[in-house]
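Below is one structure, written out as structure tokens; the observations come after it.
The values are calculated or read from the model by the stated rules, or taken from the named source; none is laboratory data. Since the structure is predicted, the reported quantities are computational estimates derived from the model, not experimental observations. No Cβ is skipped: glycine too gets one built from the backbone with ideal geometry, and neighbour counts run over all protein chains shown. Accessible surface areas use protein heavy atoms only, side chains included; no ligands, DNA or RNA. Shrake-Rupley method; radii C 1.70, N 1.55, O 1.52, S 1.80 Å.
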Amino acid sequence: MGNCFSDVKGGQQAVGGPQRSSHRTAISGNAGGNDAAHLFFRSKGLHSLYAQIELSLSASKLLDRDIASKSDPMAVVYMKNRDGTLEELGRTEVIMNCLEPEWIEKINVTYQFEIVQPLVFHIYDVDTRYHNLPVKMLKLKDQEFLGEANCVLSEIVTKQSPNLTLHLQNKNGRSGLKNLGTLSVHAEETVASRIAFEITFRCSQLVNKDLLSKSDPFLRISRLVENGGSVPICKTEVLNNNLNPIWKPLSLTMQQLGSKDNPLVIECFDFNNSGNHGLIGKVQKSIVDLEKLHKEKTGANFILPSSRHHGHEKVLKSQLFVDGFREKKVYSFLDYVSSGFELNFMVAVDFTASNGNPRSPDSLHYIDPAGRLNAYQQAIMEVGEVLQFYDSDRRFPAWGFGGKTYDGSVSHCFNLNGSASDSEVEGIEGIMAAYSSALYNISLSGPTLFGQVINKAAEIATHSLSHNISKYFVLLIITDGVLTDLQETKNALVRASDLPLSVLIVGVGNADFKQMEILDADNGQRLESSTGRIATRDIVQFVPLREIYGGQISVVQSLLEELPGQFLTYMSSRDIIPHSANAPPAHDHRPYGV
């Protein structure tokens, strides 16, 4: 019996392996059961990139615009788009006669880790004539403007205290002579439940479906829904040529399950590249049943529906066992960053000769006098402007590789700022300045080697582990070339896969970047070192800039979409929990930093 899935896109990554989701699907939260990217996050018990945030607003010392009474304030919240236009997110209610309002109406916003999301807050004194109108019907030009405030959403969610207080200003951005008061913004993430179950499945005596080799089994778990159908919620990886497989642990969250008693359909398939996977057998069990199987160390026999006799089922010798079962708490990316965990940004720039003479306008390193950013500057700015909010000291190590340095020797890891000892620069502006300066002092050379900069970043991450588990490091490598040290780079990445480190690679120019796709390991094949060691986890994300220009998605979204997942996989594997891990009860709100 065959089974054709619509989420097969080129091999085993569609089953248990990571797949990129479409931007629109992820934002709307409208991900169907076959959305491989969301299934990938869920199979690991992780929240994906998007979180629903609820903003609570209050203000203090507002200007009194009314003569006979006090102002009647209302707040309007906007998201500022890239083109500078404002998109309204919502309005609070109007509070009568009050200069210290605490609005009850919440403003909902979708937090997206990989995008800078500027928020603009406008406070109005609503004219008494309009008090009977619903707030959405109010024409803002008819109301008296009391002040505005601006911030970036990530500034709120990364704060350890629950509130961000902003000074109100005039529309021109000036405070003027009068004190216009302050606005306080409080953020909470709504989560239905933090409970997850980590389960290790094993099978014995699976039926062999292949002629020349053994079956390549994987499990698919679906939840039964009221109409009698089922919704897939996660899958294991594929294990090749194995009739007695033991899969890596899966995490099933209470949100996916609904309850511990909900029936789950667990199907075992033989993987086929065609997407026509052969059903080996299936079994129906709830979480309660699976826990019992684990405690009693017994197996459940698979059944196979009969293709000839409708309604008849064949009981197989093949059995499903639960080797591991534990209940655990699930934490989101925001839980960590709001409790003081940081992402430390590092950058490494390619100074090999294939970039072209920096003084020539067709060089990838050309600094345009008119101020137009080259590809290297663009990547630094776009990624840096997001990650800087997650790094409290904003001091970033910056290196170059493949260049001939001050002493005339070729270096594959030199400090971009020219310092012999300290690679750190101040802020994104510091990286940009050090890069521009280095172009005048470093001769382009080669070959293209990544190994040394990855090892250097790994060394910093290793050193940090001994005194601070709250830091996670993100290395951005920008390159135009084909790697000369592919195996050494693989070795370095396999070693680094145990560390709190992710590597983002931007490919610029028109080189063949097939090697980078290998490093990215998005095909489900983990990297292997020359000694045969397999990477603990995938820590690389690669994006060729030329493909970005052709589409709507930004460099940052493409590069950073896997980062929260990589961060959470690391923290979960080390059993590192947020500092504020006194979790509120299920179906509660989580104030940041509380």
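Scanning segment 357-382 for residues that are open to solvent by less than 30 Å² (accessible area, probe 1.4 Å) and over 27 Å from residue 116 (Cβ atoms) yields 358, 363. Note on segment 310-339: residues that are open to solvent by 20 Å² or more (accessible area, probe 1.4 Å) and either more than 22 Å from residue 250 (Cα to Cα) or modelled with pLDDT of 95 or more (or both) total 11.
Out of 187, 149, one residue alone is modelled with pLDDT of 90 or more and not in a loop (DSSP other than H, G, I, E, B). It is 149. For segment 446-467, the set of residues classified as farther than 15 Å from residue 503 by Cβ and in contact with a helix residue (DSSP H, G or I) (Cβ under 7 Å, 6 or more places away or on another chain) consists of 446 only.
The strands (runs of 3 or more DSSP E) falling completely within segment 61-136 that include 1 or more residues that are open to solvent by less than 40 Å² (accessible area, probe 1.4 Å) and of a type in the set (Asp, Glu) map to 118-125. Cβ-Cβ contacts under 8 Å between residues 6 or more apart (or on different chains), taken from a first residue in segment 207-224 that is open to solvent by 50 Å² or more (accessible area, probe 1.4 Å) to a second residue that is assigned to a loop (DSSP other than H, G, I, E, B) and charged (D, E, K, R), are listed as 208/214. For segment 511-535, a residue qualifies if it is open to solvent by 40 Å² or more (accessible area, probe 1.4 Å) and either part of a strand (DSSP E or B) or among the aliphatic types (A, V, I, L, M) (or both), and the qualifying residues are 518, 528, 534. Pairing each residue of segment 290-304 that is open to solvent by 60 Å² or more (accessible area, probe 1.4 Å) with any residue that is among the polar types (S, T, N, Q) and part of a strand (DSSP E or B), provided the two are 6+ apart or on different chains, yields C-beta distances under 8 Å for 301/318; 301/319.
Where in segment 417-510 are there helices (runs of 4 or more DSSP H), lying wholly inside it, with at least 1 residues that are free of Cβ contacts under 8 Å to residues at least 24 places away in the same chain, open to solvent by 20 Å² or more (accessible area, probe 1.4 Å) and under 27 Å from residue 565 (Cα atoms)?
Answer list for segment 417-510: 451-465.
A search for C-beta distances below 7 Å between a residue of segment 360-373 that is in contact (Cβ under 8 Å) with a residue 60 or more places away in the chain and closer than 17 Å to residue 481 by Cβ and any residue that is open to solvent by less than 90 Å² (accessible area, probe 1.4 Å) and among the hydrophobic types (A, V, I, L, M, F, W, C), counting only pairs 6+ apart in sequence or on different chains, returns 364/375; 364/508; 365/439.
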